[in-house]
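The values are calculated or read from the model by the stated rules, or taken from the named source; none is laboratory data. Values in this document were obtained by computation on a predicted structure and should not be read as measured data. Virtual Cβ from ideal backbone geometry, glycine too; neighbours counted across all protein chains shown. Side chains included, ligands, DNA and RNA excluded: accessible areas come from the protein's heavy atoms. Shrake-Rupley method; radii C 1.70, N 1.55, O 1.52, S 1.80 Å.
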Amino acid sequence: MRIGFGYDSHRLVPGRRFVLGGVEIPFEKGPEGHSDADALIHAIIDAMLGALGAGDIGAHFPDTDPVWKGISSLVLLEKTLLLARQKGFFVAQVDSTVIAQAPRLAPYIEAIRAALGKALRTGGENVSVKAKTNEGMGFTGMGEGIAAFAVCLLMEIEQRETPSPNPLP
Ligand code: MG
């Protein structure tokens, strides 16, 4: 098995959709970035790439490449999963923490877990998402930005006991 860690942050600005973990959440501001700027997915991608020893998200999906402009980060996540599969690994587990003062994320956590579990071809029960405010401190606490941390456990495909319920095409 292999373990990886990832972190991401984005500035929150008016006029952007607020997308987190592949789920759109109604809010007056959204994360600024080249793609849909989904900080949670970006942290998970970096955790997966870290586990693979395969560099970081900027190397695989550079923000200078127009191909990734405005793209759903779920697509980037699936591409990263494909890379893991090609190297002989599947995603056994993800744990994550999102830090945002607002909006309140609790009502969306289960939908986010389901979306991520589907994209990662693992059950939502294997994807943990926790949300915290920063008690008013710092850029997350002031509502200036959003941050996310993730760890990912990859396991070798040969060691899997049961076949994936949603195999890649
Ligand atoms: Mg990012």
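Relative to the longest principal axis of the Cα atoms of the chain, the long axis of helix 109-119 makes an angle of roughly 40 degrees.
Summary of the geometry: segment 46-71 and segment 72-148, compared by the centres of their Cα atoms, lie 16 Å apart.
By DSSP, what percent of the beta bridges with both residues in the chain are antiparallel, rounded to the nearest 5?
Here the antiparallel bridges make up roughly 80 percent for the chain.
Compute the whole-percent fraction of alpha carbon pairs in the chain spaced more than 24 Å apart.
Across the chain, Cα pairs with separations above 24 Å total 31 percent.
Which angle between 0 and 90 degrees, to the nearest 10, do you get for helix 73-86 versus the longest principal axis of the chain when only C-alpha atoms count? Here the helix axis deviates by roughly 20 degrees.
Relative contact order of the chain: 31 percent, from C-alpha pairs under 8 Å at least 6 residues apart in sequence. What part of the accessible area of the chain, given as a whole %, is carbon or sulfur when the probe is 1.4 angstrom? Answer for the chain: carbon and sulfur cover 54 percent of the accessible area. Tilt of helix 39-52 relative to the longest C-alpha principal axis of the chain, in degrees (0 to 90, nearest 10)? Compared with the principal axis, the helix lies near 30 degrees.
In percent, rounded to a whole number, the relative contact order of segment 9-78 is 29, using alpha-carbon pairs under 8 Å and six or more apart.
Sort 140-150, 40-50 by the packing proxy (mean of other Cβ within 10 Å over each peptide's residues), most packed first.
Working: 140-150: 20.6, 40-50: 27.1.
Top of the packing list down: 40-50, 140-150.
Derived scalar couplings between HN and Hα for segment 18-30 equal 9, 10, 9, x, x, 10, 7, 10, x, 7, 6, 10, x Hz in order, rounded to whole Hz, by the Karplus curve 6.51 cos²θ - 1.76 cosθ + 1.60 (θ = phi - 60°), x for Gly and Pro. The residues of the chain expose, per residue, 50 Å² of accessible area to a 1.4 Å probe.
For a straight C-alpha distance cut-off of 21 angstrom, the lysines reachable from K79 (same-chain residues fewer than eight places away being disregarded) are K69, K87, K118.
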